[in-house]
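To keep things clear, I will list the structure first and then write my remarks on it.
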Amino acid sequence: GAETLAQTQPLPKLKTLILKHNFFADEGTVALANSASFPNLEKLQLGWNEVRDAGALALANSKNFPKLKKLDLRGNFLAGKTKETLRSSLSYLKSLRIFQSEWPDLGSGNLTQYPLYYNSCRVEFRCAPFDNRFWKVAPNV
């Protein structure tokens, strides 16, 4: 699966890689993060692959995606601290999509407990499984 793909010869023309629902977990994600096969990748979708903290942190620390603009990790199993690391390490991304299971206190009108802005990064939070409501945050201006 992902390990085999990670070992391919460099694919310099590849801009988008969609690997949703493949269930390759941390092992596949770490292999992709360590791969030099995708030097011009701009969009990476890894949603619903049973990725956990080790795989997500490998992506956060990877230097192999210098042109990455969008990363989608929705539907995986990430701890709060891992999500924070992703947001800070990948703050240069235009879009970072992370599954969010907590509901903010909308009654107070205060969303400051949910860090939505990180430099020019747009972070989109999904409210609950199978719920189409999103908070979409425009880039900082």
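The values are calculated or read from the model by the stated rules, or taken from the named source; none is laboratory data. A quick note: this is a predicted structure, and the numbers were derived from the prediction, not measured. Heads up, the Cβs are rebuilt from the backbone with ideal geometry, glycines too, and the neighbour counts pull from every protein chain shown. The protein model used for the area step is the full one, side chains on, heavy atoms only, and it has no ligands, DNA or RNA in it. Shrake-Rupley method; radii C 1.70, N 1.55, O 1.52, S 1.80 Å.
Pairs meeting the criteria (first residue in segment 76-88 and under 10 Å from Asp53 (Cβ atoms), second residue in a helix (DSSP H, G or I) and open to solvent by 70 Å² or more (accessible area, probe 1.4 Å), beta carbons under 9 Å, at least 6 apart or on different chains) are Thr85/Asn61. Residues in segment 84-102 that are open to solvent by less than 20 Å² (accessible area, probe 1.4 Å) and in contact with a Leu (Cβ under 9 Å, 6 or more places away or on another chain): Leu86, Arg87, Leu90, Leu93, Ser95, Leu96, Ile98.
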